[in-house]
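Okay, so here's the structure we're looking at.
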Amino acid sequence: MNVSRFSASRAVLAGGIALSSVVLLSGTAFAHVSVQPQGEAAKGGYATVNIKVPNERDNASTVKLEVSFPLDHPLASVMPQPIPGWKAEVTKSKLSKPLQLHGKTINEAVSKVTWTADGSKIGPGQFQQFPLSLGQLPEDADQLVLKAVQTYDNKEVVRWIEEQKEGAEEPQNPAPVLKLSAASADHHGGGAAPSASASAGEKAGHDAKSGHDADAKKETAAADSSDTTARILGVIGILVGVAGVAFGVLAGRRRSA
């Protein structure tokens, strides 16, 4: 009995250690600087994204963030949303190969956005989101790697610039990665193919019409059936009336006889 209790205790202890390890490792994984789209980030379209910056230090606060954009897939438009207590600066670089966008030639693209604390900061146990409007997203890439540099008020600098290698473990300081979804028909420069919602609407309209026609047929059939039933009942009533008259005549003759 004691051996059984000891084994059960060891199993509970081992389970607790394993669970604690999972929680701790999960917390570490989610503490990285990351980029998250609001809705969809489709190839060839425009998107709003959040750069999420957690504070990983217990004795320092984040006071600066720099995010670099790839010039091999340049973005002509990168606009930061104003954030109280933070100052944003957009840096552009000359392109070796100009972009053609909406009939215009673009010779430079945004290469970096820098946020500097201006009356605010990210304290221990806190995080901050830095919204950006991006476009036009490339059509020939599945993702964008946005390398980030995080600076603390104790002068410590953490570089989130390591790219994930296929089949390898996650690096210690991974760079934020924006995954791009398949191009949609309604993005800027897209074709005139009907959207899924339009097709769904047409289908719904067709189904509704079919349902209406079916209901109309059912109502017509019901009306015809009711009319036929009324006629049959009318004929039966006449026959019953005739039979009653005949029965009355015969009964009178019998009395007379």
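The values are calculated or read from the model by the stated rules, or taken from the named source; none is laboratory data. As the structure is a computational prediction, the values presented were derived from the model and not from experiment. Using ideal geometry, Cβ is built from the backbone for each residue, glycine included, and neighbour counts are taken over all protein chains shown. Calculation scope for accessible area: heavy atoms of the full protein, side chains included, ligands and nucleic acids excluded. Shrake-Rupley method; radii C 1.70, N 1.55, O 1.52, S 1.80 Å.
Values computed for the structure shown
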read-out: Contour excess over end-to-end distance, with Cα ends at S133 and S120 and 0.36 nm allotted per residue; value: 2.4 nm
read-out: Residues of the stretch 29-181: accessible area per residue with a 1.4 Å probe, Å²; value: 55 Å²
read-out: FRET E, pair Q172, N50, Förster distance 30 Å, beta-carbon r, rounded to 0.05; value: 0.85
read-out: Built amide H within the under 5 Å cut-off of L101, gap 5+; value: I106
read-out: Too-long pairs where the Cα-Cα distance tops 18 Å, listed order kept, from K92/K112; K147/K179; K94/K165; K121/K179; K87/K121; value: K94/K165; K121/K179
